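Report on one structure; see the data block that follows.
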Amino acid sequence: MQQPRKLIRALQQNIATVIVGKDEAIEYALIALICRGHVLIEDVPGVGKTTLASALAKSLDCSFKRIQFTPDLMPTDVTGFSMVNMKTGEMEYKPGAIMSQIVLADEINRTGPKAQAALLEVMEEYQVTVDGITYPLPKPFIVLATQNPVEFVGTYPLPEAQMDRFFLKIAIGYPSIDEEMDVLERYSGRVSPIKTLEPVCTAQDIVDMQEQVGLVYCSKEVRHYVASLVAMTRSHPSLQLGASTRAAIALIRAGQACAILDGRDYVLPEDIQHMVLPVLSHRIILNPEARMKAVTTERVIMQVLENTPVPVKLP
C-alpha cells in the first residue's frame, strides 16, 4: 500500500500549491476519485470550487470539461445526441460534454430536473445511453458538482436519488487571514499558479489505485459497525429519511481509501469515523420538527456516532 500512498501524497502536495490551507477538502476529493465516486461541493462563490476541479485534472493529466448548468441547458448538451452523417447516410453519435475524465458540473442546482436527470445513469453506471445505444465513459471518471447554499431564487433542489449518487459532500470554506495572505501573494504575480501545474501521475495510475481499494481488508466487526451506524440513522427521531444501502457501501469504500492513505491494508473504526460526515451528511433528511429547532444533519450524525458501540476487536 506504500506506492498508492506516495502517489496520493504527491497529488495532495501538487494541488495544495493552488488550493491553500484546504488539505482536508483535497484529501476528500482524492478519496472520492480512487473510490470511483463523485463529489458535491457546496459552498459560497469564490472560495475555489472550480479551481479545485481544474487543479485535480491538471495534476492527473486527464481530460477536463466544465458544464455550466443553466435553466436552458438540455439533456443532450450533457449526454450527446445522434445525427445523420450526410456522407454515409448513417446515424452518428456526437458526444456531449460528459465524455471527459473529470467533469465539473458547475451550479448543478440552477438547471431543471430533465438536465439534472441526465446525470443519473452517468454517475451510477459510468455509461451514456443515446437512442438505445450505450457508450462507456473514459477512465477514470469523476463528477465534481458545485452548488451555492445561500441563493435559492432560480434554483432546483437536487432530488434524493441524485444526492445519494454523490459519494461525499465537502465544503471548502473561507481561508484564515494567514492563508488568505498566502493566496494573495501567490496570485499577485504575472502567472496564475494553476497554469504552472504539471501532472504528477497518469490516468492509468489512478485506475490502478482504484483496483487497490477493493483489496483493503475490512473485518466483520467493522462491517457490523457501518451497518449499525446506517441503521441508527433510519430510526433517529430527528430524521425523515435515513442513509441508504448505497451510503453504507460508500462508507466502507471511503474507510478502505483512508487506510491506503495511512499506509495500511486493513480498515479501522477510526477510518469510518473520519469519513462518516462527508459520506452521510447529504444523504439524510431532517423532519420538519427538527428543522424548526435548527437541528443540523451534522449534529444528528455526531449523535449517531456517540450512541453506536465501537468494535473492540481489531484486524
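The values are calculated or read from the model by the stated rules, or taken from the named source; none is laboratory data. Just so you know, these numbers come straight off a predicted model, no measurement behind them. All Cβ positions, even for glycine, are placed from backbone atoms using ideal geometry, and neighbour counts span all protein chains on display.
Given the structure, is L197 at pLDDT below 90 and closer than 27 Å to S59 by Cβ? When the stated conditions are applied, L197 passes them.
Residue count for the range 207-227 under the criterion of being under 24 Å from A32 (Cβ atoms) and not in a loop (DSSP other than H, G, I, E, B): the result is 13.
Residue selection: G21 satisfies the criterion of being among the small types (G, A, S) and in contact (Cβ under 8 Å) with a residue 40 or more places away in the chain. Scanning the range 267-301 for residues that are touching a residue at least 60 places away in the same chain (Cβ under 8 Å), aliphatic (A, V, I, L, M) and either within 22 Å of R9 (Cβ to Cβ) or assigned to a helix (DSSP H, G or I) (or both) turns up M275, V279, V300, I301. Is there a residue in the range 173-188 that is at positive phi and either assigned by TED's automatic domain parsing to the domain that holds A53 or modelled with pLDDT of 90 or more (or both)? So far as the range 173-188 goes, yes, one or more of its residues are at positive phi and either assigned by TED's automatic domain parsing to the domain that holds A53 or modelled with pLDDT of 90 or more (or both).
Flag not set for A290, criterion: in contact with a Cys (Cβ under 8 Å, 6 or more places away or on another chain) and either of a type in the set (G, A, S) or under 21 Å from S235 (Cα atoms) (or both). Are any residues in the range 228-246 assigned to a helix (DSSP H, G or I), touching a residue at least 60 places away in the same chain (Cβ under 8 Å) and surrounded by fewer than 21 Cβ atoms within 10 Å (Cβ to Cβ), and if so, which ones? The answer is S228, M232, R246.
Of all the listed residues (R264, R190), the sole one being out of contact with any Cys (no Cβ under 6 Å at 6 or more places or on another chain), without any contact (Cβ under 8 Å) to a residue 40 or more places away in the chain and either in a loop (DSSP other than H, G, I, E, B) or of a type in the set (D, E) (or both) is R190.
Restricting attention to the range 148-187, and to residues there that are in a loop (DSSP other than H, G, I, E, B) and of a type in the set (S, T, N, Q), which single residue is farthest from the chain's Cα centre (by Cα)? Among those that are in a loop (DSSP other than H, G, I, E, B) and of a type in the set (S, T, N, Q), it is S176. If the condition is being of a type in the set (S, T, N, Q) and within 17 Å of the chain's Cα centre (by Cα), then the range 1-25 contributes only Q12. Of all residues assigned to the range 37-58, at least one qualifies as being more than 29 Å from L184 (Cα to Cα) and surrounded by 14 or more Cβ atoms within 10 Å (Cβ to Cβ). Considering the conditions (1) under 21 Å from D164 (Cβ atoms); (2) modelled with pLDDT of 90 or more; (3) in contact with a Ser or Thr (Cβ under 9 Å, 6 or more places away or on another chain); (4) of a type outside the set (S, T, Y), A290 is excluded by exactly one of them, (2).
If the condition is being of a type in the set (D, E), exposed (fewer than 14 other Cβ atoms within 10 Å of the Cβ) and within 13 Å of H38 (Cα to Cα), then the range 114-139 contributes only E125. Checking each residue of the range 279-288 against the condition of being in contact with a Gly (Cβ under 7 Å, 6 or more places away or on another chain) and crowded, with 19+ Cβ neighbours inside 10 Å gives at least one match. Only one of the numbered conditions (1) modelled with pLDDT of 90 or more; (2) under 30 Å from G46 (Cβ atoms); (3) not small (G, A, S) is violated by L251, and that is (2). The set of residues in the range 193-206 that are in a helix (DSSP H, G or I) and either more than 24 Å from the chain's Cα centre (by Cα) or in contact (Cβ under 8 Å) with a residue 12 or more places away in the chain (or both) comprises P193, I194, T196, A203, D205, I206. Considering the range 27-47 alone, what residues qualify as being of a type outside the set (D, E) and over 11 Å from the mean Cα position of the chain (by Cα)? Within the range 27-47, V44, P45, G46, V47 qualify.
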